[in-house]
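Right, one structure below, let's go through it.
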Amino acid sequence: MRPAIFLDRDGTIIREAEYLADPAGVEILAGAAAGLRALRAAGFLLVVTSNQSGVARGYFDESTVARINQRLRELLSAGGADVDAIYYCPHHTKGTVPHYAVECQCRKPNPGMILSAQKDLDIDLAHSWVIGDKEIDIQFGKNLGLRTVLVLTGYGAKTQAEGFKPDQGPDIVSPDLTAAAQAIIRFAQDPPPIKRWGRHWGERRSPLRKPVS
């Protein structure tokens, strides 16, 4: 078993573009490829987990999501990086496409995508992390007891400014994916004592469907 980093896509790895529907609009954020390379070198699996409610809303179809994810991998490869798997949720209860306008367990912050990846990739969840730019990403990790990082790219700065409920904030706040990777690697090499957690690593941590090759 290996630990994994579960990464949001839009606003974390690529530039935020609401309901991105064109592969030509995929733009890797500065430092993202370097951060992924560092995490892979440290022994983590890299798994993208993304809500894509634009499918349920009728803005684009699943083949479009596949093309965008393929473009993401092409651009990462050009930067010497890659991910091990990409999972996304196409559902939303307020969608206009009946097949997708349903309750599901794969839409973040529900744990479905993490649990699917754990089964598919034999992941050690106890030492895994979630990285994202929205409150929903932080809750996504906390729902399964994973440590979390809020990046200030995408909606991250706004998310930080709006604040979190007590004990619901991220373990680490980082300016971008490179800094997040460095913080996670430092933590893995030298975990701080629990009594010093809040002072050194941000807010205290709560106790403990679709894969695309």
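Laboratory data are not the source of any read-out in this text; all were calculated from the coordinates shown. Note that the structure is predicted; figures quoted are calculated from it, not measured. All Cβ positions, even for glycine, are placed from backbone atoms using ideal geometry, and neighbour counts span all protein chains on display.
Take T93 and tell me if it is closer than 22 Å to R15 by Cβ and in contact with an Asp or Glu (Cβ under 8 Å, 6 or more places away or on another chain).
Numbers: closer than 22 Å to R15 by Cβ: no; in contact with an Asp or Glu (Cβ under 8 Å, 6 or more places away or on another chain): yes.
Here the answer is no, as T93 does not meet what is asked.
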- Message: I need a count of the residues in the stretch 141-163 that are within 22 Å of N110 (Cβ to Cβ), part of a loop (DSSP other than H, G, I, E, B) and of a type in the set (A, V, I, L, M).
- Response: 2
